[in-house]
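Shown next, in structure tokens, is the structure this report addresses.
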Amino acid sequence: EAIDIVSKSCAYTNHTILAEALEKWPLDYLEEVVPHLVVIIKKLDAIVRGKFDDPRVQIIDEHNRVHMARMDIHFSTSVNGVAKLHTEILKNQELHDFYEMFPEKFNNKTNGITFRRWLLHCNHPLTEYITSMIGDGFRKDSFELDKMLGFKGNQDVLANILKIKQDAKKRCAEFIKANTGEEINTHSVYDIQIKRLHEYKRQQLNALYIIDRYLK
């Protein structure tokens with residue numbers, strides 16, 4: 001019953017084709033730390049083996065390693081990548097064997113947040129100011145922001161936007177001072193990284209960019 005429920009309701013999102021997203025755990029290690037889960041994993045593997053002879057799609061391989069992604073794909077209702085190109089790579093290369101078995105499961109869900117929603121959630125004063133000038137249609141249709149072009153060259157509007165930005169930088173500086181004790185020059189360039197740093201992703205490029213800006 002549990003398998004039936006999970007297979008109809010849970011989806012698997014693959015975030016990268018690099019090895020850490022396609023985890024393989026030694027079975028004896030799992031038996032030591034999560035023996036109660038190994039019982040379930042073995043049952044799931046037996047179900048897969050009963051349907052497919054191909055060792056490339058079995059959950060427990062010939063080296064007694066548990067392939068987590070394979071388990072996800074077999075017992076989920078949907079499999080997706082997080083960018084169009086990424087999803088195509090999954091379908092044509094990394095997970096091609098599974099795509100041939102379950103083509104109906106594979107789809108794309110582009111990762112990220114639109115600048116429109118980012119604006120609404122993160123900068124209330126700027127959102128309110130824009131609304132006062134062009135109405136609130138841009139909240140649902142970002143093309144409505146084209147109306148801001150009607151204020152191009154308007155120094156009063158530019159001054160108000162710059163004040164909103166400077167006030168936000170002051171609030172940020174106050175937050176950093178209160179939480180870390182560090183004082184920031186509010187007239188400097190802010191480049192803020194939130195969450196962990198990945199050594200192989202854009203966060204490292206951002207760190208290198210900051211160093212480059214500083215040296216220049």
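The values are calculated or read from the model by the stated rules, or taken from the named source; none is laboratory data. Being a predicted model, the structure only gives us computed values, none of them experimental. Ideal geometry is used to build each Cβ from the backbone, glycine not excepted, and the neighbour counts take in all protein chains shown. What goes into the accessible areas is simple: the full protein's heavy atoms, side chains included, and nothing from ligands, DNA or RNA. Shrake-Rupley method; radii C 1.70, N 1.55, O 1.52, S 1.80 Å.
A few points about this structure:
- At least 27 Å along the helix axis (C-alpha) and Kyte average at least -1.0, DSSP helices within the chain: 155-180
- THR186 paired with SER78, simple spin-label distance in nm, labels 7 Å along Cα-to-beta-carbon: 4.4
- Separation in nanometres of the label points that stand 7 Å from Cα toward Cβ, at ALA207 and ASN179: 1.9
- Carbon and sulfur %, accessible surface of the stretch 57-216 computed with the full protein complex present, 1.4 Å: 55
- Among (1) 21.0; (2) 26.0; (3) 18.8, the entry derived from the coordinates for mean projected area of the Cα convex hull in nm²: (3)
- Within the stretch 32-54: backbone nitrogen closer than 14 Å to the MET101 label point (7 Å, Cα to C-beta): 44-54
- Average accessible surface area per residue within the chain, 1.4 Å rolling probe, Å²: 71
- Note on GLN155 and ALA11: the model spin-label points, each 7 Å out from Cα along the C-beta direction, lie 5.2 nm apart.
- Counted residue by residue at 0.36 nm each, then reduced by the alpha carbon distance between them, the extension gain from LYS42 to MET148 reaches 32.1 nm.
- For the stretch 32-85, the residue among VAL33, ASN64, VAL79 whose Cα projects farthest onto the positive side of the dipole built from Cβ charges is VAL79.
- Helices in the chain, meaning DSSP H runs of at least 4 residues, each add -39500 (n - 2.57). Divided by all residues, the mean residue ellipticity at 222 nm is -15500 deg cm²/dmol.
- Of GLU182, GLU88, the residue with the largest accessible area leads and the full order is GLU182, GLU88 (1.4 Å probe).
- Phi-based couplings in Hz for the stretch 91-102 (Karplus 6.51, -1.76, 1.60; Gly and Pro marked x): 5, 8, 10, 4, 10, 4, 4, 6, 4, 5, 7, 10
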